[in-house]
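The structure appears below as structure tokens.
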Amino acid sequence: MNNWLHSLLLASVLTVSLTGCEKQPTKAIPAPTEALPTETEAKEVVTIPFDTKQVTIPVDSIPALREYLAQYNPQERQEEINRIVIRDLPSKTAGAFADIGYSCGTKLCSHVLVQIKDGKEIKTLPLREGSIFQEAYFSPDESKLAILFGRNEATEFVRNVVVFVDAAKLEEMKIVDPSDPVRQLVSDDSFIWPIRDLKWLDNKTVTLTVPDLTDSSYEALVNWNRENGPVKKLQVVLGKEKE
């Protein structure tokens, strides 16, 4: 009887001792998929929606955009990236092209032309600041690209410039012996006349349809636009890349 009581008391003491030694629950460890302070943040990217697929490229591969975003903090940078306007430029042989509009106001953006070759080689060309991308036209052999930019005055009409690009080198091209009227349509920041139509005649010659006016004032162009006024065609001959 004494031996049985002794064994029972010993078992009770051991149970209390072991219960008191149990470990308290530890703080949960983050799952491997959670972002830890030591992990590298994801790179900023731009996704270009082409006809057959989407291509994502890092912001760092677009110098003009990277430099623009450098003035903002991380939250502002993401907001600016979300405001980017992208237009792909369909081509059968020249590679994948897109216009990226950034620093956009109500309508006007700064622009950079992006070319992706073989799905990996990325080339970029800064284009016109503070403008509206309107249309892009490849030459018949797709070796050259004419891009029409504009600036609007209220809702009445848009003043234009056209940029010519060597599609292989991704460099701006110059005009062979341009006349003064043509020079006004291709200068970096002119935006003087509306361009009603642009057409490639061959792989190095373009015609531009513009107002047949000598007065480029707002009032004169408003009247011309409202009355569907007279036009004239100017011929542009392309030469080497812009010097």
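Where nothing but the Cβ of Lys and Arg (+1) and of Asp and Glu (-1) is charged, how large is the charge dipole of segment 132-243 around its Cα centre, in debye to the nearest 20?
180 debye
Using the Cα centre as the reference, give the magnitude of the dipole from point charges on the C-beta atoms of segment 43-130 (Lys, Arg: +1; Asp, Glu: -1; all else neutral), rounded to the nearest 20 debye.
Result for segment 43-130 is approximately 220 debye, rounded to the nearest 20.
Of THR207, ILE132, ALA146, which is farthest along the charge dipole of segment 98-243 in the positive direction, counting Lys and Arg as +1 and Asp and Glu as -1 at C-beta?
ALA146
Order the peptides 45-56, 101-112 from the highest to the lowest mean number of other Cβ atoms within 10 Å of their residues.
101-112, 45-56
Applying a 10 Å radius around every beta-carbon, put 165-171, 143-149 in order of their mean neighbour count, most first.
Ranking the peptides 165-171, 143-149 by packing returns 143-149, 165-171.
Could you tell me the distance between the Cα centroids of segment 62-104 and segment 153-194, to the nearest Å?
If you average the Cα positions of each part, the centres end up 22 Å apart.
What pairs in LYS107/LYS199; LYS53/LYS144; LYS144/LYS199; LYS92/LYS174; LYS53/LYS120; LYS120/LYS204 have C-alpha atoms more than 18 Å from each other?
Values: LYS107/LYS199 25 Å; LYS53/LYS144 24 Å; LYS144/LYS199 13 Å; LYS92/LYS174 25 Å; LYS53/LYS120 14 Å; LYS120/LYS204 29 Å.
Pairs exceeding the cut-off: LYS107/LYS199; LYS53/LYS144; LYS92/LYS174; LYS120/LYS204.
Run the paramagnetic zone check for GLU129: 7 angstrom along Cα to Cβ, then residues of segment 47-91 with backbone nitrogen under 15 Å.
Zone members listed by number: 64-71.
Subtract the Cα-Cα distance of ASP197 and GLU67 from 0.36 nm times their separation in residues, and report this length gain in nm to one decimal.
43.4 nm
Any read-out appearing in this document is the output of simple, stated calculations on the displayed coordinates, not a laboratory observation. The shown structure was predicted, so the numbers you read here are calculated from the model rather than taken from an experiment. Cβ atoms come from the backbone with ideal geometry, glycine included; neighbour counts cover every protein chain shown.
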